[in-house]
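Below is one structure, written out as structure tokens, with a few remarks after it.
The values are calculated or read from the model by the stated rules, or taken from the named source; none is laboratory data. A quick note: this is a predicted structure, and the numbers were derived from the prediction, not measured. Positions of Cβ are backbone-derived with ideal geometry, glycine not excepted, and every protein chain shown enters the neighbour counts.
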Amino acid sequence: MAVGVAGSVFAQGKRPNIVLILADDLGYGDCGCYGQTRLRTPNIDELSRQGMRWTQFYAGSTVCAPSRCVLMTGKHTGRCIIRGNSKESLPYQERTFTEVLAHSKYRCGLFGKWGLGQADSSGSPWKKGFDRFFGYLDQTHAHNFFPTFLDENQGRVPLRNKVPKESTTGAGVATERLDDASELICDQAIDFIDQNQNIPFFLFFSINLPHANNEAGNQGTQEFGFGKFSDQDWPDSEKGFAHMVEKMDAQVGRIVDRIDSLGLGESTLILFSSDNGPHHEGGHKDTFFGSSGNLRGSKRSLTEGGIRVPTIARWTGKVAAGTISEQIGCFDDLFPTFADISGSVEKLPSDITGVSLLPTLLGSPEQQTQRPYHYWSFYEGGHGQALRSGNWKLVEQPFGTEPKLFRLDLDPGETQDIAGSEPQQLAKMRQMVQDAYQPGNPPWILQSTKK
């Protein structure tokens, strides 16, 4: 941990603010600064010019809930409690980084998608360190961009939308769309910044774009219309997806603009990322815009396209503008990073798997702790696991099949399986996998589905 570096960061004034902006199902290749040419992301691209763009940063999982569990608890999916999309809640004893920040007198706000505990559960946001919450507690509720209500702290805010076949969680398809939940959530996030500008705060702006409304079937990307893309000679689902990405980018711009207009740029780390690789839902095809860039796979895959995500850090005067980092990082690294920034390293749980990335952010790579490996497990479609160690990557998906081995520095697209020619390296990484994986509570136990 870069305790000394962190100490110098806030010794001369109040501790830095932290803003985490998390997109939903945004692929590595969906932003202009990552090579996209047809989708428009001017605000994200400008954030990249003003800060550090990461080329080897990973989500915690290849789907929503486990990725967010890894993020909040600092443990990879071989150790964390929630390892798949389910109704499971974070238990009382599972400490989150927001609890650590709250203990250090940070005001913490969550606006958008949660997915780690319902209102009456041990995993509700207000039991996990958040002072303010507005958005969606339930993941399927977050599919619906025009719901009849949003959750606010321990209550609900009614909206004017009509959803005839709405589920008990709030999921469904609106027939009358009067209140855009995404804009209301962004408004509340900005209000949180305004109210807390004079004290250290953590803002988690958890956008549910460009995730499809799965309940709308093949029209799941079209609920906002087509915007500037109406005249494009594209399928309607792709025009709708492009408009969703543009809308997401505009909301990122609103948050950053408010930080800057209040003069908080030099005292605020802004981190932008995505919870997993690009989806192929709601009629959208992840190949249409090349959403994975030059990587293989997408959401639900443990190949690079499913877990490597666009990630940008801006901290005016601290993070050098226009820089590109090839440092490997992952969601479980953010817990110790935020603890480092806030001067709370002594409060870190002993069982986290991540390391602080603050030295890399501050341009001191010689102080950066390097992890021996990064690990992922997955429990849909035959189960699977993957492990990266340096430039080597092992993928076993489906679980129980012969693992594949890749050299990512030479083959980022994972096109050449070299397991047969590298038996010693394969054996070494198999041992790392055994060390990394601990069976979780059912159903989070890796099992072969081969007959």
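What helices (runs of 4 or more DSSP H) completely inside region 40-125 contain at least 2 residues that are surrounded by fewer than 21 Cβ atoms within 10 Å (Cβ to Cβ)?
Those helices (runs of 4 or more DSSP H) span 42-50, 97-103.
Among residues belonging to region 10-39 that are of a type in the set (A, V, I, L, M) and in a loop (DSSP other than H, G, I, E, B), point out the one that is surrounded by the fewest Cβ atoms within 10 Å (Cβ to Cβ).
Across region 10-39, the extreme among qualifying residues is 11.
Pairs only if they're at least six apart or on different chains, beta carbon under 6 angstrom, first in region 283-306 and not assigned by TED's automatic domain parsing to the domain that holds residue 410 and at pLDDT 95 or above, second of a type in the set (S, T, N, Q) and not in a loop (DSSP other than H, G, I, E, B); list them, first residue then second.
Between residues of region 283-306 that are not assigned by TED's automatic domain parsing to the domain that holds residue 410 and at pLDDT 95 or above and residues that are of a type in the set (S, T, N, Q) and not in a loop (DSSP other than H, G, I, E, B), the close pairs are 283/218; 283/237; 284/237.
State whether one or more residues within region 227-234 are in a helix (DSSP H, G or I), buried (at least 19 other Cβ atoms within 10 Å of the Cβ), of a type in the set (Gly, Ala, Ser) and out of contact with any strand residue (DSSP E or B) (no Cβ under 8 Å at 6 or more places or on another chain).
Among the residues of region 227-234, not one is in a helix (DSSP H, G or I), buried (at least 19 other Cβ atoms within 10 Å of the Cβ), of a type in the set (Gly, Ala, Ser) and out of contact with any strand residue (DSSP E or B) (no Cβ under 8 Å at 6 or more places or on another chain), which makes the answer no.
Test residue 393 against the criterion of being free of Cβ contacts under 8 Å to residues at least 40 places away in the same chain and either farther than 22 Å from residue 55 by Cα or not assigned by TED's automatic domain parsing to the domain that holds residue 55 (or both), and give yes or no. Full working, then the answer.
Details: free of Cβ contacts under 8 Å to residues at least 40 places away in the same chain: no; either farther than 22 Å from residue 55 by Cα or not assigned by TED's automatic domain parsing to the domain that holds residue 55 (or both): yes.
In short, no.
Condition first: in contact (Cβ under 8 Å) with a residue 12 or more places away in the chain, touching an Asp or Glu at 6+ places or on another chain (Cβ under 8 Å) and either within 29 Å of residue 77 (Cα to Cα) or crowded, with 24+ Cβ neighbours inside 10 Å (or both). Can you find one or more residues in region 260-273 that meet it? Break it down into steps so the answer makes sense when it comes.
Going through region 260-273, the residues in contact (Cβ under 8 Å) with a residue 12 or more places away in the chain turn out to be 262, 264-273.
When the remaining residues are screened for being touching an Asp or Glu at 6+ places or on another chain (Cβ under 8 Å), the result is 262.
If we keep only those that are either within 29 Å of residue 77 (Cα to Cα) or crowded, with 24+ Cβ neighbours inside 10 Å (or both) as well, we get none.
Within region 260-273, not a single residue is in contact (Cβ under 8 Å) with a residue 12 or more places away in the chain, touching an Asp or Glu at 6+ places or on another chain (Cβ under 8 Å) and either within 29 Å of residue 77 (Cα to Cα) or crowded, with 24+ Cβ neighbours inside 10 Å (or both).
Picking from 357, 394, which residue would you name as being closer than 17 Å to residue 60 by Cα, among the hydrophobic types (A, V, I, L, M, F, W, C) and in contact with a Ser or Thr (Cβ under 8 Å, 6 or more places away or on another chain)?
Selected residue: 357, the only one of 357, 394 that is closer than 17 Å to residue 60 by Cα, among the hydrophobic types (A, V, I, L, M, F, W, C) and in contact with a Ser or Thr (Cβ under 8 Å, 6 or more places away or on another chain).
Please enumerate the residues belonging to region 285-304 that are in contact with a Pro (Cβ under 8 Å, 6 or more places away or on another chain) and surrounded by 18 or more Cβ atoms within 10 Å (Cβ to Cβ). Can you show your working first?
Keep residues of region 285-304 that are in contact with a Pro (Cβ under 8 Å, 6 or more places away or on another chain), which gives 286, 288, 291-292, 294-295, 298-299, 304.
Passing the criteria: 286, 291, 292, 295, 298, 299, 304.
I want to confirm something. Restricting to region 147-181 and keeping residues that are of a type in the set (A, V, I, L, M, F, W, C) and in a loop (DSSP other than H, G, I, E, B), which single residue is surrounded by the fewest Cβ atoms within 10 Å (Cβ to Cβ)?
This residue is 178.
So residue 217 fits all but one of (1) at positive phi; (2) in contact with a helix residue (DSSP H, G or I) (Cβ under 8 Å, 6 or more places away or on another chain); (3) not in a loop (DSSP other than H, G, I, E, B); what number is the exception?
(2)
Can you tell me which residues in region 267-301 are among the hydroxyl-bearing types (Ser, Thr, Tyr) and within 17 Å of residue 386 (Cβ to Cβ)? Explain how you work it out, then say what you get.
The initial filter retains those residues of region 267-301 that are among the hydroxyl-bearing types (Ser, Thr, Tyr), namely 267-268, 273-274, 287, 291-292, 298, 301.
Of everything in region 267-301, those that are among the hydroxyl-bearing types (Ser, Thr, Tyr) and within 17 Å of residue 386 (Cβ to Cβ) turn out to be 292, 298, 301.
Rundown of residues vs (1) within 15 Å of the chain's Cα centre (by Cα); (2) among the hydroxyl-bearing types (Ser, Thr, Tyr), yes/no style:
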| position | (1), (2) |
| --- | --- |
| 45 | no, no |
| 49 | no, no |
| 59 | yes, no |
| 64 | yes, no |
| 70 | yes, no |
| 74 | yes, no |
| 89 | no, yes |
| 128 | no, no |
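So is residue 264 outside the structural domain of residue 399 (by TED's automatic domain parsing) and more than 18 Å from the chain's Cα centre (by Cα) or not? Talk me through it step by step, then tell me what you get.
On the way: outside the structural domain of residue 399 (by TED's automatic domain parsing): yes; more than 18 Å from the chain's Cα centre (by Cα): yes.
Against the criterion (outside the structural domain of residue 399 (by TED's automatic domain parsing) and more than 18 Å from the chain's Cα centre (by Cα)), residue 264 qualifies.
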